Amino acid sequence: MYKAENYTWFRQYFIRLLFAVVLLFVAAQFGCSLCSCTVAQRHRIPDKLVVLAFDDGVKSQATIAAPILKRYGFGASFFVTDAAKYLDAWRDENYMTWDDIKNLSDDGFEIANHTGRHAKADKVTKEQFRAELKCIEDLCRQHGIPEPKTFCFCAGAYSGRALEVLQEKGYLFARRDYRPELPYIETGRIGLVYDPAEDHPLLIPATAMAGPTCGYDCLVQAAEMATAGKIAVLTFHGVPDLDHPWVNTDPAVFEKFMKYLHENGYTVISLGDLTRYVAPTKGHSDPFEPIARRLGISSEQVRQTFGEQAQEIKH
Ligand SMILES: [Zn+2]
């Protein structure tokens with residue numbers, strides 16, 4: 001009798017304890033699913049992490065580059081303008097149509113904003129910059145393409161005003177080239193490797209701009225900079241680029257370099273895919289400070305030179 005009572009007592013408490021453990025486990029799982037965007041849930045930045053960016057909506061990006069990217073399962077961002085408005089001086093047949101852009105989106109590539117008219121961010125007002133972004137956002141919506149969440153500054157020109165608008169509109173990441181730290185051409189076009197601990201997420205520098213002065217060896221050298229928590233951001237224009245010979249990439253060089261990335265175990269992603277590894281709030285709270293430090297001048301000087309009367313940008 002005594003033993004039976006003891007057993008009942010034990011069974012009651014054991015079941016309660018078991019129930020509590022199960023409840024805690026479920027709560028933990030539920031909690032984790034709710035916070036899937038927190039830093040704790042992000043992947044550690046691996047070595048050999050490369051972002052691929054294609055600028056200006058050049059036709060050969062859809063006809064030649066994208067099929068090669070698909071073969072290797074690589075991600076990439078296509079920074080498009082509204083070619084119909086931008087094409088004054090260029091030939092229409094050299095640019096993607098919105099059907100081409102929609103196909104890229106359907107294939108899983110990221111469609112990103114490069115302004116409606118390829119506007120230089122330091123030459124437009126806030127209102128004009130908002131309108132430039134909206135142009136591409138509206139066109140994406142009209143064509144059933146997800147609205148862009150990443151941006152690329154045209155011709156390397158940025159401003160504090162533009163940063164503020166990008167923040168207001170909830171853009172996650174924005175890319176520039178490697179100016180002003182390095183001159184545009186003379187360095188063989190290898191720039192700065194993106195350091196998420198330092199660089200502001202809306203002023204991510206390009207590591208290399210592919211072109212006649214940055215071919216296969218240059219691109220390999222840039223990719224190899226992706227170590228120790230840093231990410232190589234590699235920018236292409238046309239593959240080939242008939243309208244812009246100074247950023248032309250030979251298709252054979254492109255194919256060889258993609259093969260190199262594949263055979264050497266690189267992780268190749270779009271700019272938007274960075275959210276898997278980097279919180280869009282990471283980086284220095286003053287966006288101009290890392291640039292100023294590299295140039296050996298004050299943040300205020302960078303702001304005056306490149307940001308005009310920009311207000312303080314904080315996360
Ligand atoms: Zn451009």
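Side notes on the structure shown:
- Difference of contour (0.36 nm per residue) and Cα-Cα distance, R141 to K102: 13.0 nm
- Report note on the peptides 157-170, 242-255: ranked by the mean count of other C-beta atoms within 10 Å, highest first, their order is 157-170, 242-255.
- Highest-first arrangement of 191-197, 292-298, where packing means the average Cβ count within 10 Å: 191-197, 292-298
- Packing here is the average count of other Cβ atoms within 10 Å per residue, and on that basis the peptides 201-207, 216-222, 270-276, 123-129, highest first, run 201-207, 270-276, 216-222, 123-129.
- Residues whose placed amide H lies under 5 Å from that of A157, excluding near-sequence neighbours: A121
- Cα gyration tensor shape for segment 42-306, rounded if a/c is under 1.5, else prolate or oblate: rounded
- Simple spin-label estimate for A155 and R294 gives 2.1 nm between the two label positions (7 Å along the Cα-to-Cβ direction from each Cα).
- Legend: calculated FRET efficiency, Q304 to T63, from the Cβ-Cβ distance at R0 = 45 Å, rounded to 0.05, equals 0.55.
FYI, it's all coordinate maths here, none of it is from the lab. These numbers were taken from a predicted model, which means no experiment stands behind them. For neighbour counting, all protein chains shown are included, and Cβ atoms are generated from backbone atoms with ideal geometry for every residue, glycine included.
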